Amino acid sequence: MNNTDSASQSLSVGLVVGILVLASSVSIMSTDMYTPSLPDLTQWFDTTPSLVKLTISLNMLAFGIAQLIHGPLSDRYGRKPVLVISSVFVVILSLACAMAQSIEQLIAARVLLGLAAAAEAVIGLAIIKDLYNEKEQVKALALLGMVIAITPAAAPILGGYLHVAFGWQSNFYVISGMAFLSMVVVAKVLPESCTPDPEALKPAKLIRAYGNLLKNSDFLVHCAILGVALGLIFVFVTGAPFILIDKLGVAADQFGYYQASIILAFFLGSVLASRLADRWQAMSLLRLGVVLVLAGSVVLCVVIFANLTTPLTLTGAYSIITFGMGPLFAVAPSRALRSIQGQSGTASALLSGIEQTMAGIAAVMISLLHDGTARPMAFVTVVLGLALVALFKRSCVEDELRLQE
């Protein structure tokens, strides 16, 4: 165990993961639950699809940047207090989203919601780093990936029905209630997993810590792999509602089933990674993930540029991509943190910050390139796929360098 042995002994991996899933599912729901509402928001607010898409992409950018703050805060004050306080703000800001009277107000509320909800992602990873060794981390992250997959699969289905029955605002009322429940469970059940560091927020120490991380190529390579993978997911989350609902005639309350299919593929990929974790080397799992993502990207481009785009072919191609993300998300975080000693909150913050910021940039690209077709999805997917190949090659180099040390 890394530290805080008593906490790790008193809670099983399954229970810790369950608590973290509840906390992180709130931030996932804040994006995925209202995606079926996106096309209708253009009429509701009398605005353009590009501005509506910014409610997702700018939320993701804020989410990524804010993690650079939440990580050091959790090193200074402890993981638990930061989780609880962030949940309070998520409750309030979700209500602010529901009460927005213009697209500008909704964008502003979504940006602030991203700043608050960012704590769950970075602190969950830090807790796993605190409690478990590298082999246990891979298992915990694979289990986390499997269970978290349920949330983005179920959220748009539920969101579609809520949208049809009660309007788009009802999604944010549900998110607010979930955030309140998460706050209560974390406050009452989750123990503190680290010893607060009174000097963690001192500017000199913080600058030095981030400076050392930014010079750690092994860390940065695997952070970027995660950023590319998450960016591919948000290419679908941001672009697919307009293609499936507006262009291909999928009903808003049926859209969630298509998004659920790509999340189910991620779930199955995580199951595979969990099963193979004891028998395969981490690099072999990472290679498998990269190959599958590339294969799915090629299929997606063929579907789009050969005018074969249907709801089934589009989601089928993307399901290959997200199946490959199971091994990527199981392996890359532990490899990014393998050379980090101490201040795991700060390291996890930069990891998640890079990951979420890259995903946000991908979502912004989809927003800005919107032309009413699926071609921007293919273009951004190709760019991210090529980046993933380059990063994997660098990961192999980092392994060789570690063997030489």
With the requirement that a residue be at pLDDT 85 or above and hydroxyl-bearing (S, T, Y), what does the range 193-223 give you? S217
When N212 is evaluated against the numbered criteria (1) touching a residue at least 12 places away in the same chain (Cβ under 8 Å); (2) farther than 23 Å from P36 by Cα, which criterion, by number, is the only one it fails? (1)
Kindly indicate the residue of the range 353-405 that is without any contact (Cβ under 8 Å) to a residue 24 or more places away in the chain, of a type in the set (D, E, K, R) and in a helix (DSSP H, G or I) and also surrounded by the most Cβ atoms within 10 Å (Cβ to Cβ) among those meeting that condition. K393
Going residue by residue through the range 181-191, is there one that turns out to be surrounded by fewer than 19 Cβ atoms within 10 Å (Cβ to Cβ), at pLDDT below 85 and more than 26 Å from R394 (Cβ to Cβ)? yes
Where residues in the range 41-58 are of a type outside the set (A, V, I, L, M, F, W, C) and out of contact with any Gly (no Cβ under 9 Å at 6 or more places or on another chain), which of them is surrounded by the most Cβ atoms within 10 Å (Cβ to Cβ)? T55
Residues of the range 364-394 being among the hydroxyl-bearing types (S, T, Y), within 21 Å of the chain's Cα centre (by Cα) and at pLDDT below 90, which ones? S367
Quick one: which residue in L226, L264, L244, L230 is in a helix (DSSP H, G or I) and over 22 Å from V291 (Cβ atoms)? L244
In the range 300-334, how many residues are surrounded by fewer than 23 Cβ atoms within 10 Å (Cβ to Cβ), in contact with a helix residue (DSSP H, G or I) (Cβ under 6 Å, 6 or more places away or on another chain) and more than 23 Å from L264 (Cβ to Cβ)? 0
Any idea which of T309, T315, T238, T322 is outside any helix (DSSP H, G or I) and either of a type in the set (G, A, S) or under 24 Å from V364 (Cβ atoms) (or both)? T309
Could you grab me the full set of residues in the range 258-270 that are modelled with pLDDT of 85 or more and either under 15 Å from T315 (Cα atoms) or surrounded by fewer than 24 Cβ atoms within 10 Å (Cβ to Cβ) (or both)? Y258, S261, I262, L264, A265, F266, L268
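Conditions (1) closer than 23 Å to S348 by Cβ; (2) without any contact (Cβ under 8 Å) to a residue 12 or more places away in the chain; (3) in contact with an Asp or Glu (Cβ under 8 Å, 6 or more places away or on another chain), marked per residue:
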position: V299; (1), (2), (3): no, no, no
position: F305; (1), (2), (3): no, no, no
position: L308; (1), (2), (3): no, yes, no
position: L314; (1), (2), (3): no, no, no
position: F323; (1), (2), (3): no, no, no
position: G326; (1), (2), (3): yes, no, no
position: A330; (1), (2), (3): yes, no, no
position: P333; (1), (2), (3): yes, no, no
Look at the range 157-181 and say how many of its residues are of a type outside the set (V, I, T) and closer than 15 Å to A117 by Cβ. 8
Looking at the range 267-291, which of its residues are assigned to a helix (DSSP H, G or I) and touching a Leu at 6+ places or on another chain (Cβ under 9 Å)? G269, S270, L272, A273, S274, L276, S284, L285, L286, L288, G289, V290
Based on this model, can you work out whether L20 counts as touching a Leu at 6+ places or on another chain (Cβ under 9 Å) and crowded, with 19+ Cβ neighbours inside 10 Å? yes
Inside the range 285-316, can you point out the residues that are more than 27 Å from P333 (Cβ to Cβ) and not hydrophobic (A, V, I, L, M, F, W, C)? N307, T309, T310, P311, T313, G316
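For the range 1-97, list the helices (runs of 4 or more DSSP H) that sit wholly inside it and hold at least 2 residues that are modelled with pLDDT of 80 or more, touching a Lys or Arg at 6+ places or on another chain (Cβ under 7 Å) and of a type outside the set (F, W, Y); which are they?
Qualifying helices (runs of 4 or more DSSP H): 49-77.
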Kindly indicate the residue of the range 335-346 that is at pLDDT below 80 and either in contact with a Leu (Cβ under 8 Å, 6 or more places away or on another chain) or assigned to a helix (DSSP H, G or I) (or both) and also surrounded by the most Cβ atoms within 10 Å (Cβ to Cβ) among those meeting that condition. G345
Among the residues of the range 77-92, is any touching a Cys at 6+ places or on another chain (Cβ under 7 Å) and in contact (Cβ under 8 Å) with a residue 60 or more places away in the chain? yes
Per the filter on the range 193-226, residues closer than 22 Å to V82 by Cα and buried (at least 16 other Cβ atoms within 10 Å of the Cβ) are S193, C194, D197, A200, K205, L206, A209, Y210
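The values are calculated or read from the model by the stated rules, or taken from the named source; none is laboratory data. Owing to the predicted nature of the structure, the values given are computational and were not obtained by experimental measurement. Virtual Cβ from ideal backbone geometry, glycine too; neighbours counted across all protein chains shown.
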